Amino acid sequence: MDGIIDNDLIVARVRALIADAVRQPVAAIPLDVRVDGSELGIDSLGLIKLTVRIEETFDITMPDLAAPGAGPLGSVREVAALVAEQVAARQAGGAR
């Protein structure tokens with residue numbers, strides 16, 4: 001994604017990517033649901049695919065969220081915040 005994008009847009013797009021990954025409407029994806037929990041039904045392969053889609057969509061590099069020993073992924077809101085941080089760093093000229 002080119003240009004400056006705001007956090008609300010990032011949250012909406014991350015939510016849409018997650019909804020697509022679990023084949024649910026966006027409205028069925030609450031911001032506080034854990035992405036790596038059983039509530040959404042995403043397994044480790046699904047997390048890897050989701051991570052790649054997020055990276056491609058936002059032109060960023062995400063940490064390997066499905067790696068053994070990786071910290072808990074957190075909520076949809078937390079994933080969106082991580083994406084926003086990565087986007088801001090890229091826009092500020094930081095390394096990908």
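The values are calculated or read from the model by the stated rules, or taken from the named source; none is laboratory data. No experiment lies behind these values; they were computed from the predicted model shown. Please note: Cβ atoms are built from the backbone with ideal geometry, for glycine as well, and neighbour counts cover all protein chains shown.
Considering only segment 32-47, state which residues are free of Cβ contacts under 8 Å to residues at least 12 places away in the same chain and either of a type in the set (Lys, Arg) or under 13 Å from residue 75 (Cα atoms) (or both). Correct list: 37, 38, 39. Residue pairs whose Cβ atoms lie under 6 Å apart, separated by 6 or more positions or on different chains, with the first residue in segment 68-94 and within 19 Å of residue 11 (Cα to Cα) and the second modelled with pLDDT under 90 and of a type in the set (Asp, Glu), are 73/36.
Quick check: anything in segment 37-55 β-branched (Val, Ile, Thr), surrounded by 13 or more Cβ atoms within 10 Å (Cβ to Cβ), under 30 Å from residue 92 (Cα atoms) and in contact with a Pro (Cβ under 9 Å, 6 or more places away or on another chain)? Give the steps one after another, and end with the answer.
If we filter segment 37-55 for residues that are β-branched (Val, Ile, Thr), which is where we start, we get 42, 48, 51-52, 54.
Next cut, surrounded by 13 or more Cβ atoms within 10 Å (Cβ to Cβ) only: 42, 48, 51, 54.
Of the ones still in play, those that are also under 30 Å from residue 92 (Cα atoms) are 48, 51, 54.
Right, trim to in contact with a Pro (Cβ under 9 Å, 6 or more places away or on another chain) and you get 51.
Yes: one or more hits.
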